[in-house]
Each structure stands twice: as structure tokens, then as C-alpha cells.
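Structure first, commentary second.
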Amino acid sequence: MDAMDEIVREFVVESYENLDQLDQDLVALEGDSSSRALLSSVFRTIHTIKGTSGFLAFNNLESLTHVGENLLAELRDGKRTMTARTADVLLKMVDAVRELLATIEATGNEGSIDTTAVTAEIQSVLDDPTGGAAAEAEPADAPTGDADDVIESAIAALHDDEDAHDDEDEELAVEETTDAEPEPVVAEARAVKRTPKIGRKPVVQARTAPEPGPEPEPAPAAVAPAAAAAPAPAAAAPAAAAPKAADEAPVRSAAEQSIRVDVEVLDALMRHVGELVLARNAMTNLAADMDDPALVRASQRLSLIATELQQGVMKTRMQPIDHVWNKVPRMVRDISSALGRKVRLDMVGKETELDRGVLEAIKDPLTHLIRNAIDHGIETPADRVKAGKDEQGVLGLRAYHQGGQVVIEISDDGKGIDPEIVSAKAVEKGLKTAGQIENMSPQDILQLLFLPGFSTADKVTNVSGRGVGMDVVKTKIDSIGGVVDVQSTPGSGTTWRLRIPLTLAIMPALTVECASETFAIPQVNLLELLAIDDKLTGIDHVGEAPVYRLRGQLLPLVDLRDVLGRGRRESLTGAVITVLQADGGRFGLLVDKVRNTEEIVAKPIAAAIKGIGLYAGATLLGDGSVTLILDVPAVARRALDLQETTIDAGHDNAQRGDTEQMLVVSIGEGRQIAMPLGAVTRLERLPADVLETVGGATVMLYRDRITPVVDLAQMLGSGATFREELAFVICTRGDRTVALIANEVVDIVDSRAEERSEVSGYGLLGSIVVKDRVTELLDLEAAVTAADASFYEADEHVFNDAEVAELIGAGKGA
């Protein structure tokens, strides 16, 4: 590659970066046209692209940016104000420039791209007298009218390109810095222009400022001929102005401390580090098996170096999520404008860092979610005003670290998602049957949005509605070991939550054994470990499902043997509970024993194994064995429903000799209430906004039925319950259902009749002691009939004459 090809490549790379920033700045200017700083930044960027393209003989690009520069000059000089039409044509110019750059990058020339339509549109805005453009701006001369300006702007653009390129040489081989090939080309260009202006920003000073050594001394030779021709006083004045020039563009100083490295180089380096980690693990295992102090010390040293190298390489791959978000403002503006919406974009956590591989993977999912939020979520201004909202909707993006993962939330304050509409569409499209829908909770129904081909849109637009977006989102997020969840409140808005790993390359994992096989569990899903022995009494059963009482909370248990189809476990003694999190919930996975923790490198697996749906990949352990990596969310979905805390106990006898199982819940300010578990059909956790008031009574729509509700705290004199999310105790008899509100489900305990104490009070039958705390026994019949006086009438049946005769006849026949 010759010097000119290198200059063109650097020009294209830096121009791409500037265009991404231009998108953001132009969208920001539309909202705040008085910002002089933004106007000056946009103008300088376009001026630099124009000058450099003229220097490199890209005439089409030069002409396009020239007319755009004229429009920006009028905006900068206050001769017109930023309007929607002005912003539109400037953004079209940016798109056209981007298209030209892509052609230049691919072919080395501008090709046959026609930009006359965009140029004419910009000129029509300039010619519009309503815009206040009464006079031509200073740069309105023909692009070729002032060769000095063209070359000077080309030199200004190339200064930073040279600096970035020379920084690369400087860090890799300091002694060769002043021999870089582009230097003679730039030196010739400088000689054409007036010498004093060239002295404003010598390349050598910018490049070598961080270096304390004497290397900068030979560099002035490159500009010595031009400098010698200038009078001394004239040369001094630009030198004094140098600090001002530096103040005008402080963002450029970052380039002096960085270099550009090909992505393929980083990927290859990461792969080698991954193999080094595997070799380190093998060395550690070997040293542990041999009684050789020297080998142990060498192994420890190798482990330390490998860890530091791994962290260093990982750091080079980490990028702020703003690298993806910087295109969002432009996208939101274009989509909202096309759909007639008014949208304000709020972004929090732009500095949150992710591996570049993860960033690439989430681009499409983010695009789908943002487009859907504007198209399906945020209403038109007229509809929002009718609903009592501000006519401008709010689209929020938030990113933050949590538990070794990155959480990204995309929220809107639009109309939300109605589960009834979703379920009706699912039945209509044949994705689910009416019977299946009846047994699903509202949160389960929302998960149907991720089914292939599902869409609630009434018509297909160029934005969304084809039923492929959410399927793409889930498939893409699942492929990187992430989880996507949705929460929505009709009339209030929707929040999509992505939980994704920091990196895809190397991950810490826990290795466990089950049925004589070894499996790896990613530590990002691991919360804690619990050992089971003969004295452990925390395991119980609700219906036929095992649960574990963990610090007062019920934890569903799943036996990995059952999931793998390896037969039921004969005894729990010696087993280990791995407490895992997945899909927004927690569960305990029973394994035979825990082996070790080590860093693993995930490898792809064969399609036949991947089709089982339980494994995320495979890895090579330190002992040389190949181990499958469990896909924890897939295991959770296979074994139990984690989307709601539902315990189906309606068919359980709940009687064990002379004891009775009691469900303990909390109400009010820490007050505990117990009730017979056998009378409870289901437990639900639902948002408080499902509650409605009809005729002075509190009700909610539960499983397509209007269900009366009783707030236990209010009924027992502890005041009303105010929480965003509530625990509901569902009692069903025949075709009647009543829901009781509590704060939390605390525990399930065994209670003996002789251990109960009598208490007086409405709605109470007595009290028991649960874990050294007095717990009141609820008069469940009084609580239920307070909501539905006819609840127990389902047990009473008056037989008519025909039925009596039929019964008598059946008795005689017997």
C-alpha cells in the first residue's frame, strides 16, 4: 500500500467516526438550535471532509459537502434557524456522504453514485427566503475558487490522520516515528500554503507531546523549508494562537494516546489467550497431583501471568455501549417523524462497557425493540392527549452492571401490551389453543410475543408488523447466553429487559457431577451452594413439587437427574443444591456433587446435541476431559415455570396424621398470618395495578373472570396494602374464585391442633408460634365470604324430583 492509499484509508475511517457524531449533533441541534458549540462542531466536521475530499480529488463528495457547508454556515452565523426541513436535508447529506465513503472504501473511487438530488434539495432550502438566508455565507465560493482553502483544510484533516498513524508507529517502534511514509506527501502540501498557518499545529508537537525523550528533535526537518521562508514575527503570532486552536477541538487530543488495531488481530489474540487459559488449567491440575514445589511455583507464576494477560486483552476488547447507542437518536427521530409521533429519548449508562462481540450481537435486537416501542407502544400526540398524557412520549434506554452481567432496559410510557389481545392473536394464528391460554398467567401470555411469526399489528408497515422482530430478538439474545424479559401495564407502558454477559470469550464456571457425568454451570447464573445432610429439614413438598425453605423464602427445586432423564434420586443425602437464577427467577438445581471452579472457553457443539435444548456449548477442562455447558435458562424452562411463583396445591390432602400444613404470609408492618394450605389453590405474584374498583368493591380480572379481592391487612385492621407488586392467595371452590392480598409468602409449616392458642378478634381463630414468632390463624371462611358471600353455597345443592327419583332408582338397582 503506497502513501496515498494509506491517507485515503485514514480519511475514510475518521470520516465514518465523524459521521456517527454528526447524526447525534444534528438531532440535538433540532431540539436546541441556539447551541453555538454544536453548530461549530458540525460545521468544522463538514468543512474538514470537504477540504480533504478536494485534496484527494473526490469531486462528487466535495461538491455535496460544499453546499451543505453553505447551509451550515448560515445556521452558524445566525442568518437562519434550524427547522425540521433543514434538519432533514442535512441528515440526507450525511447519508449520501456515508454512501460515497462506502464506495470509496470498497473501490478506491466514488463510482457512479448520483448526489444531485440531495444537492438540489439542500440548495432549495438555501434559496428559500423564509429561512432567513438573505446573504451568501463566506464559504459560498465555488469549491475550486480558492485552492489555498482547499489545501489548508486538507492539511488540517490529515494532521489528525497522521497523528493517529504515527502514534501507531510510535508505540510499536519509537525509533521509526519520523520515517513514516505519509510525511513527505504532507510536507509538499504544506509548502503550497502560507507558512504561518502551517506553524499553528505542527504534527511533530502533537504527536510527541506525551514523550519526555529527545525523539522530537529531528522532526522539524520535515517543515523546515516552509518555515524558513516566513518572517519571524509572522511565525510567532500563530504560535501564540496555538492554545486557542487546541481549545476549539479538545476531543481530538484522545487520538494522540491511541492507535487503531484491526479487529481480526484482537480476535486472534483473544483466541490464543483462551487456549493459554486452558493450558494454564491443565498445568494447575498437574501441579496439584505432583509433590514438586518447583512445579507448583512455576504453575502459580504461569497462572498469574495468564490472568494478567487475559485481563489486558479483555480490556482492549471492551467498548462503551455508546458505540451502539450513538445511532439511536437519529433512528428515533426518523421513525417518530415518519409515524407522526413525538418522542423524547432518555439514555442512562452510556459509559457501560461490553465486549465488542457482545455489542455486535445486540445491535439488531436493540433496533427491533426501539422500532416496536415507537410503532406499537407510543401513541400519536392526539391519542396521548385523550389518555391524559403529555403529547410527547418518552423512550428510555438504561444500561447498568448487575451480578456479573449487563442489564439493558428499553422502556416507553405508551399504551402497553394487553394480554387479552396477545392471547386472542395467539389462538387466531394457531400458535396456542384456548385451553392452553386459560391455564396461562398474564406474564406467560406476554412471552408468546417471542414466538416466530407472532404480531399484534393490524397492518404491515415498513417499520414493523411482519411478526419476525421479537423472534429475532430472543434468538439473538439466547445465542449469546442472555435473557430477554418483558413487563407491561396496559395504558402505562412497556419495559423490555435484556440480561447479557460481559464477554463471550472466557467465562468462570462451576463444574458439577450428576449421574456419573460432569457438567459446567456458568457462574453468572450461580447464586450460592447448599449441602444436604440427614439433619436438613428445609425440603418440603407443595402438591407434588419439592421446595426448599431458604431464609424464609420458598425455593423451587429441580433434580438434574429428572431433567436429563437419568431416573429418580433414591436419597437426597449427600446431594448439593446449586441456587441458580434464570429468566428473572430463582430455583435450586439438585446435583450429586460439586467438583471445582475454573475459567472455561466455550466451544460450539454439534447440531444434534444443540437440538436437545439443554446445552450452551462444550469446553475442555484442566484434566483434559470434554464437558457440556448447561444452558441454565433452558434447564429452568424445561423443568418448571419461573415466570410466576405458582404452587398448584389444590389436590394435595395437606393432612399428615394429626398435623396440618399451614401457609404463612406477611401483611401490614411485618404481621404474620397463617391459613390452611389445603384450602389454597394457587399463589400468584402480580402488579398492584391489576386491581380495580367496581361498585365500591375491589376486583381483578383473573383468568378472564372478574374475581373479588380481599386485602387481609385492611380486613384485620392493619391498614391498606400499598406495594408495586403483591402476593395473591387464590381460593377456588366450584366455579367461584376469591383472591386474598398479602405482602409476601413467608413459609409453609406443620401445625398441631394442641399447639394453637385461642385469640379473640374478627377474622381470627387463634395463634401459633412459627420460628419464635407469634403467627395469627386466619378465619379463612370469614375472609373469603367477606369478598363473596355466596362462595360456600357451591357445596349446597337442592335436588329436584327427577334427581331424587334417579338416586332412589340407582340405590334399588344396587
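The values are calculated or read from the model by the stated rules, or taken from the named source; none is laboratory data. What you see is a predicted model, and the numbers here were worked out from it, not measured in a lab. Note that we place each Cβ from the backbone using ideal geometry, even for glycine, and neighbour counts take in every protein chain shown.
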Self-check item: Candidates Gln436, Gln443, filtered to the one that is in a helix (DSSP H, G or I), over 20 Å from Leu498 (Cα atoms) and at pLDDT below 85
Solution: Gln436
Exercise. From Glu308, Glu351, grab the single residue that is charged (D, E, K, R), part of a helix (DSSP H, G or I) and either touching a Ser or Thr at 6+ places or on another chain (Cβ under 6 Å) or loosely packed, with under 15 Cβ neighbours inside 10 Å (or both).
Key: Glu308
Exercise. Within segment 358-392, count every residue that is outside any helix (DSSP H, G or I), hydrophobic (A, V, I, L, M, F, W, C) and in contact with a strand residue (DSSP E or B) (Cβ under 6 Å, 6 or more places away or on another chain).
Key: 1
Self-check item: Filter result for the condition that a residue is surrounded by fewer than 16 Cβ atoms within 10 Å (Cβ to Cβ) and assigned by TED's automatic domain parsing to the domain that holds Arg333, over Lys425, Lys389, Lys429, Lys415
Solution: Lys429
Exercise. Please name all residue pairs, on different chains or six or more residues apart, with Cβ atoms under 7 Å, provided the first residue is in segment 728-748 and is assigned by TED's automatic domain parsing to the domain that holds Ser666 and the second residue is modelled with pLDDT under 90 and among the basic types (Lys, Arg).
Key: Ile730/Arg682; Thr737/Arg705; Asn743/Arg723; Asp747/Arg549
Quiz item: How about segment 676-715: which of its residues are closer than 28 Å to Asp750 by Cβ and part of a loop (DSSP other than H, G, I, E, B)?
Solution: Val680, Thr681
Self-check item: Residue identified as outside the structural domain of Asp334 (by TED's automatic domain parsing) and on the phi > 0 side of the Ramachandran plot among Gly51, Gly78, Gly68
Solution: Gly78
Self-check item: helices (runs of 4 or more DSSP H) wholly inside segment 1-103 that include at least 1 residues being more than 34 Å from the chain's Cα centre (by Cα), crowded, with 21+ Cβ neighbours inside 10 Å and among the charged types (D, E, K, R)
Solution: 36-55, 59-76
Exercise. Confirm whether Ile673 is in a strand (DSSP E or B) and surrounded by fewer than 20 Cβ atoms within 10 Å (Cβ to Cβ).
Key: no
Exercise. Identify the single condition in (1) crowded, with 19+ Cβ neighbours inside 10 Å; (2) assigned to a strand (DSSP E or B); (3) not charged (D, E, K, R) that His401 does not satisfy, given that it satisfies every other one.
Key: (1)
Quiz item: Taking only pairs six or more apart or across chains, which ones have beta-carbon atoms under 6 Å, a first residue in segment 27-46 that is touching a residue at least 40 places away in the same chain (Cβ under 8 Å), and a second residue that is exposed (fewer than 14 other Cβ atoms within 10 Å of the Cβ)?
Solution: Ser33/Thr81
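Per-residue answers, yes or no, for (1) buried (at least 21 other Cβ atoms within 10 Å of the Cβ); (2) closer than 13 Å to Gly481 by Cα; (3) over 24 Å from the mean Cα position of the chain (by Cα); (4) of a type outside the set (Val, Ile, Thr):
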{"site": "Arg586", "(1), (2), (3), (4)": "no, no, no, yes"}
{"site": "Asp592", "(1), (2), (3), (4)": "no, no, yes, yes"}
{"site": "Thr597", "(1), (2), (3), (4)": "no, no, yes, no"}
{"site": "Tyr615", "(1), (2), (3), (4)": "no, yes, no, yes"}
{"site": "Leu630", "(1), (2), (3), (4)": "yes, yes, no, yes"}
Quiz prompt | In segment 306-339, the residues that are among the basic types (Lys, Arg), in contact with a helix residue (DSSP H, G or I) (Cβ under 8 Å, 6 or more places away or on another chain) and under 30 Å from Glu598 (Cα atoms) | solution = Arg317
Quiz item: For Leu807, all conditions in the list (1) modelled with pLDDT of 80 or more; (2) not assigned by TED's automatic domain parsing to the domain that holds Ile673 hold save one; what is the number of the exception?
Solution: (1)
Quiz prompt | Number of the condition not met by Val699 [criteria: (1) surrounded by fewer than 20 Cβ atoms within 10 Å (Cβ to Cβ); (2) of a type in the set (A, V, I, L, M); (3) closer than 23 Å to Ser767 by Cα] | solution = (3)
Quiz item: Under the condition of being among the small types (Gly, Ala, Ser) and either assigned by TED's automatic domain parsing to the domain that holds Leu91 or modelled with pLDDT of 90 or more (or both), which residue from segment 341-384 is farthest from Ile477 (Cα to Cα)?
Solution: Ala382
Exercise. With a cut-off of at least 1 residues that are more than 18 Å from the chain's Cα centre (by Cα) and at pLDDT 85 or above, name the strands (runs of 3 or more DSSP E) lying wholly within segment 449-548.
Key: 483-489, 506-514, 517-522, 526-531
